[in-house]
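The structure appears right after this line, and notes come after that.
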């Protein structure tokens, strides 16, 4: 069940898809990819990979956020989680922040439901990818929690949030 409040149509996403929701088996692929990159390039290499995904693959999203600000952030995440199978997420948009209350992470849930060994640093990808997406738009993100549920807060860079403490992002476990 997806509880993303006020889901937006697919137009908010930088790609088109004819399915109402994505294929959950994609989570197997990203977990395996993260494991492969981690084994080949180490943690620093995996973090570079995530940053490059956020910077390059999601460049169109970043541009939308630059143009629309926090309103664009909220619209994107509502559409994103509406298309994620098994997501239970509330998106709260305020004047200064957009907060994602991830009650059930669809990726962690699917990996657990299928007995997959989850890369322990899996949840850090949300920070590195989202921070790289946010930076060109003059935004930043902070994440607390993980391992199946978290809170992600997007704000303007000038809001001077304290630096992200990676220890506040829990390791994922099976």
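A crude spin-label estimate for the pair residue 67 and residue 96, with each label 7 Å from Cα along the Cβ direction, gives 2.9 nm. Cα centroids of segment 27-91 and segment 111-164: 9 Å apart. How high is the relative contact order of the chain, in percent, counting Cα pairs under 8 Å that sit 6 or more residues apart? So the answer I get is 26 percent.
Most simply put, segment 23-170 has about 90% antiparallel DSSP beta bridges, counting only bridges with both residues inside it.
Placing a label point 7 Å from the Cα of residue 113 along the Cα-to-Cβ direction, the residues of segment 68-88 whose backbone N falls under 13 Å from that point are 84-88.
In this rough spin-label picture, where each label sits 7 Å from Cα along the Cβ direction, the residue 151-residue 166 distance is 2.3 nm. Our helix-only sum for the chain, with -39,500 (n - 2.57) per DSSP H run of n ≥ 4 divided by its residues, gives a mean residue ellipticity at 222 nm of -12500 deg cm²/dmol. Summarising the label geometry, the points placed 7 Å from Cα in the beta-carbon direction at residue 158 and residue 56 lie 3.2 nm from one another. Which of 114, 125, 92 moves the most in a Gaussian network model of the chain with Cα springs under 10 Å? Looking only at 114, 125, 92, the largest GNM fluctuation is found for 114.
From the coordinates of this entry, Rg and Dmax of the Cα atoms in Å is computed, and it appears in [x] 15.2, 42; [y] 17.6, 60; [z] 21.8, 77 under the label [x].
Rule-based calculations on the coordinates, nothing more; no lab input. Quantities reported herein were computed from a predicted structural model and do not represent experimental measurements. Neighbour counts run over all protein chains shown; Cβ positions are idealised from the backbone, glycine included.
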